[in-house]
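Report on the following structure.
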Amino acid sequence: MTNGIFNVAFRCHAGVEAEWEAYGIDVPVYGSGKSLAETRVDVTSGFALHFDIDPGMIELNEFHEHCVYPETDDSEAVWVRTYQDSDPDRMCRRRDVRDTIKNTLRDKPSYLNTFRNGTASTGDIIATVCFEDDMLMDLLAQVGDTDRLFVCVPYHNGLYWQCLNTPEATNRHVAEEIAVRDLNLGDAATVGDFMEATNASANNPGSYLLTAA
């Protein structure tokens with residue numbers, strides 16, 4: 001959080017009374033409502049109470065999460081997060097990638113192996129859609145208290161994946177982890193730089209650890 005700006009994930013639920021819920025990605029603040037607008041007001045009030053500031057001083061960086069694969073006896077639910085870009089074209093392109101992931105999981109259930117690194121602290125799988133020119137520091141800020149986040153980047157020949165963990169993530173493969181700081185990527189690094197430095201693949205994400213500098 002900086003200057004009253006907060007990263008917030010909004011989840012859209014189908015078939016339940018409260019159709020939306022919201023949670024602070026790195027602040028324990030929650031909200032809910034029957035519409036996105038109602039939920040936005042509720043979570044903004046939560047931040048105002050948490051930090052004892054005027055709601056008018058709060059700005060939300062919105063990420064929308066949609067379930068692309070429901071929970072089954074064999075797998076946790078998979079939620080895909082898309083940033084609400086100010087550029088409508090970029091926002092729609094992220095949603096297109098989300099739909100591609102959903103359709104792939106529907107048509108090829110073995111694609112679930114992409115997420116074998118484990119779940120987020122929410123108890124399900126969270127993946128975020130990024131583009132090559134997104135800033136790496138913005139991606140890292142999305143991990144927050146979720147502890148584990150998969151990142152998907154579309155390229156001309158398909159979707160490529162990596163996985164980011166915090167030390168608190170469950171079921172870590174410690175021997176296989178590489179600290180992000182050891183990649184020697186500077187503050188100006190992009191997500192594309194990260195994917196290139198880690199030799200990202202289409203179905204075998206590695207485990208990259210976020211630690212204090």
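Brief remarks follow.
- Estimated from helical segments only, the mean residue ellipticity of the chain at 222 nm is -7000 deg cm²/dmol, where each DSSP H run of four or more residues counts as -39500 (n - 2.57).
- Restriction of the GluC sites (Glu not before Pro) in segment 43-150 to DSSP coil positions whose beta-carbon has at most 15 other beta-carbons within 10 angstrom yields Glu71, Glu132.
- Among beta bridges from DSSP that stay inside segment 1-63, the antiparallel ones total about 65%.
- Over segment 1-63, relative contact order from alpha-carbon pairs under 8 Å, at least 6 apart, %: 34 percent
- Over segment 58-140, Cα pairs under 8 Å with separation of 6+ residues give a relative contact order of 30 percent.
- GNM result for the chain, Cα springs below 10 Å: residue of Asp124, Asp145, Asp52 fluctuating most strongly: Asp52
- Pairs of Cα atoms farther than 18 Å apart, segment 1-63, %: 27 percent
- A dipole drawn for segment 31-92 from +1 and -1 charges on Cβ atoms has a positive end, and of Gly33, His64, Tyr83 the residue lying farthest that way is Gly33.
- Stretch gain in nm, segment Asn203-Asp52, where the contour uses 0.36 nm per residue and the Cα spacing is subtracted: 49.9 nm
- Structure-derived mean projected area of the Cα convex hull in nm² - corresponding label in (1) 13.7; (2) 12.4; (3) 18.8: (2)
- Remark: spin-label model distance Gln84-Asp187 equals 2.9 nm, labels positioned 7 Å along the Cα→Cβ axis.
- Projecting the Cα atoms of Gln142, Thr100, Cys130 onto the charge dipole of segment 98-157, computed from C-beta unit charges around the Cα centre, puts Thr100 farthest toward the positive end.
- Of all DSSP beta bridges in the chain, antiparallel share, percent nearest 5: 55 percent
- The chain, relative contact order in percent, only Cα pairs under 8 angstrom and at least six apart counted: 15 percent
- Between 0 and 90°, nearest 10: helix 88-107 axis offset from the chain longest Cα axis: 60 degrees
- Rolling a 1.4 Å probe across all protein chains gives Ile5 an accessible area of roughly 60 Å².
- For the chain, the longest principal axis of the alpha carbon atoms and the long axis of helix 36-51 meet at an angle near 80°.
- About its Cα centre, the dipole of segment 68-192 is roughly 280 debye, where the only charges are +1 on Lys and Arg Cβ and -1 on Asp and Glu Cβ.
- Filtered GluC sites (Glu not before Pro), segment 167-208: DSSP coil and at most 14 other beta carbons within 10 Å: Glu168
- Taking Cβ atoms as reference points and 13 Å as the exclusive limit, the residues near Trp79 contribute a net charge of 0, counting Lys and Arg as +1 and Asp and Glu as -1.
- Rounded, prolate or oblate (a/c below 1.5 giving rounded, otherwise prolate when a/b exceeds b/c) for segment 46-133 by Cα gyration tensor: oblate
The values are calculated or read from the model by the stated rules, or taken from the named source; none is laboratory data. It should be emphasised that the depicted structure is a prediction, and the values quoted were computed from it without experimental measurement. Glycine also receives a Cβ, built like all others from the backbone with ideal geometry; neighbour counts cover every protein chain displayed. Remember, those area values only see protein heavy atoms, side chains included, never the ligands or the DNA or RNA. Shrake-Rupley method; radii C 1.70, N 1.55, O 1.52, S 1.80 Å.
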